[in-house]
Amino acid sequence: MTELQAVEDGAIEEAARQNSLLANPLVVTASQGWNNIQLELSHHPPWKTPNHCHIDHVIAICQFERSGQFQLNIADQNYVQDVQQECMLITPAGQFHREQWDQPIHALLLSIQPNCLKQIALEKLELGQTIGQDYSIQLLPQLAPVDPTIHYIGQLFKRLLQTQQPCNPLYVHSLTTALATHLFEHYTIQTNDDEQSWLGLSPYHLKNITDYIDDSLSKPISLLELAQLLNINQHYFCKLFKRSTGIRPINISCNKNRASQAATRHLIAIAD
């Protein structure tokens with residue numbers, strides 16, 4: 001039995017209100033005047049947070065003092081990651097969630113305002129005038145191994161914080177834009193708020209699925225396998241894949257070549 005399991009759930013929940021993942025950070029950048037982003041460095045014992053949400057998107061890189069397990073419950077989905085050293089957690093703004101970890105952790109947390117991602121989306125997709133306010137970007141929750149690019153950007157922010165020198169606003173803005181761009185390209189899906197319908201997979205995600213299908217022509221493929229590639233549930237994956245390719249995912253196992261060709265045509269259309 002772990003240290004966390006040895007404590008009554010009621011006592012943990014009450015104590016967690018005083019010490020969530022974002023509580024009592026060792027260093028906070030808010031007083032340094034960074035725009036659109038905040039960095040926090042913190043240390044926490046084994047813990048279980050109550051259900052809560054943030055007004056910003058939060059990316060956490062959690063370093064375990066020894067091997068352990070991290071759990072995230074969000075949007076009726078439960079994610080579990082066995083961790084040797086580090087894991088990465090992405091919790092979108094406004095989504096209620098609970099976290100639990102069974103070993104002491106050191107956390108680097110980046111909180112980025114949602115408008116940063118939307119601005120990147122409008123600039124990259126050039127949809128600002130044609131879709132307008134009905135168009136939105138949804139950041140996908142994640143509990144996964146650390147993304148090297150996000151880790152690198154986080155370390156640059158950390159170094160900037162620890163120098164205790166006056167920050168260069170242009171440098172902070174450049175790092176923030178780089179982070180928002182990476183999140184948009186790798187961890188978002190596109191939605192239409194007015195219709196509440198999915199516009200489809202991003203080119204990056206669609207290419208991953210296409211490559212996986214091409215590499216698996218000689219064996220059966222399950223919907224669960226494909227959904228897990230994107231860290232989303234099967235219901236979301238079915239909607240996104242159908243919207244992007246015109247093919248129902250249930251037919252992938254029988255029509256792998258057709259599915260791959262349809263996905264490839266969609267990628268070419270985007271490029272054009």
Looking only at the range 6-65, count how many residues are at pLDDT 90 or above and among the β-branched types (Val, Ile, Thr).
5
Among the residues listed as HIS266, HIS205, the single one being in a helix (DSSP H, G or I), modelled with pLDDT under 75 and of a type outside the set (D, E, K, R):
HIS266
Residues of the range 38-63 being hydroxyl-bearing (Ser, Thr, Tyr) and either closer than 13 Å to ILE74 by Cβ or not in a strand (DSSP E or B) (or both), which ones?
THR49
Answer with yes or no whether LYS124 is at pLDDT 85 or above, assigned to a helix (DSSP H, G or I) and basic (Lys, Arg).
no
Inspect all residues belonging to the range 67-80 and state whether any of them is outside any strand (DSSP E or B), at pLDDT 90 or above and of a type in the set (Gly, Ala, Ser).
yes
Test result for CYS87, assigned by TED's automatic domain parsing to the domain that holds ASN36 and either in a loop (DSSP other than H, G, I, E, B) or free of Cβ contacts under 8 Å to residues at least 60 places away in the same chain (or both)
yes
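Conditions (1) closer than 25 Å to TYR79 by Cβ; (2) outside the structural domain of ASN73 (by TED's automatic domain parsing); (3) modelled with pLDDT of 80 or more; (4) surrounded by 12 or more Cβ atoms within 10 Å (Cβ to Cβ), marked per residue:
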position	(1), (2), (3), (4)
GLY154	yes, no, yes, yes
ASN168	no, no, yes, no
HIS182	yes, no, yes, yes
THR188	yes, no, yes, yes
GLN228	yes, yes, no, yes
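The values are calculated or read from the model by the stated rules, or taken from the named source; none is laboratory data. Every value quoted in this text rests on a predicted model; they were computed, and no experiment measured them. So basically every Cβ, Gly included, is an ideal-geometry build from the backbone, and we count neighbours across all protein chains shown.
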